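S.K.: Handing you this structure, nothing more for now.
The values are calculated or read from the model by the stated rules, or taken from the named source; none is laboratory data. What you are looking at is a predicted structure, and each value in this text was computed from that prediction instead of being measured. With ideal geometry, Cβ positions are generated from the backbone for all residues, glycine too; neighbour counts draw on all protein chains shown.
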Amino acid sequence: MQQTDRYFEVSEYRRVKLRTIKAADAARSELIEYERPETEGIRVSRYRITPVRSEDGACAVPKGPPIVVVEKSREVLLWDNVRIHLDTVSSLGNYLELEAVIDEAHDETTCRRQVDLLLSALSIDADDLVKASYADLVLRAGS
């Protein structure tokens, strides 16, 4: 699938992104609000996804220009509750992102164990982890 993320600054410490997704069978847009520290390689991320256009026709789109736009091609693989993202990010290159979803059957400890197991199987060390979002990496590359 192809994804375009437009990041908007809501406040000094909070951003939202407007994601447009184009896949072979459909296209959609959604607003993603998230909270997570950008200081760790493995971190808990809390997020809320809102469709841009709801069934009643209301729109949820931030005002003003985005602070950064990130375009990527993403392939998603699933292993139990872990989403394995194979990303090719324009102007940055190729990345692997692991997203273990905490749910009723998988607490945070279980999710961390699953991510550690995958990192070990893929021979990825803690020093290899990127401690920034694609938005921050694109902003840094542009300056």
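S.K.: Can you say whether residue 98 is surrounded by fewer than 12 Cβ atoms within 10 Å (Cβ to Cβ) and assigned to a strand (DSSP E or B), as far as the supplied structure shows?
M.R.: No: the conditions fail for residue 98.
S.K.: Identify the residue in the range 3-32 that is modelled with pLDDT under 85 and surrounded by 12 or more Cβ atoms within 10 Å (Cβ to Cβ) and, among all such residues, is farthest from the chain's Cα centre (by Cα).
M.R.: 9
S.K.: Still on this structure: Please work out if residue 44 is modelled with pLDDT of 85 or more and either within 29 Å of residue 127 (Cα to Cα) or assigned to a loop (DSSP other than H, G, I, E, B) (or both).
M.R.: no
S.K.: Which condition from (1) at pLDDT 90 or above; (2) surrounded by 14 or more Cβ atoms within 10 Å (Cβ to Cβ); (3) of a type outside the set (D, E, K, R) is the one that residue 52 breaks?
M.R.: The number of the failed condition is (1).
S.K.: Please pick out the residue among 98, 139, 129 that is in contact with a helix residue (DSSP H, G or I) (Cβ under 7 Å, 6 or more places away or on another chain) and closer than 28 Å to residue 16 by Cβ.
M.R.: Going through 98, 139, 129 in turn, just one is in contact with a helix residue (DSSP H, G or I) (Cβ under 7 Å, 6 or more places away or on another chain) and closer than 28 Å to residue 16 by Cβ: 98.
S.K.: Mind telling me which of the residues 76, 89, 70 ends up being under 23 Å from residue 33 (Cα atoms), touching a Phe, Trp or Tyr at 6+ places or on another chain (Cβ under 7 Å) and in contact (Cβ under 8 Å) with a residue 60 or more places away in the chain?
M.R.: Of the residues listed, the single one that is under 23 Å from residue 33 (Cα atoms), touching a Phe, Trp or Tyr at 6+ places or on another chain (Cβ under 7 Å) and in contact (Cβ under 8 Å) with a residue 60 or more places away in the chain is 70.
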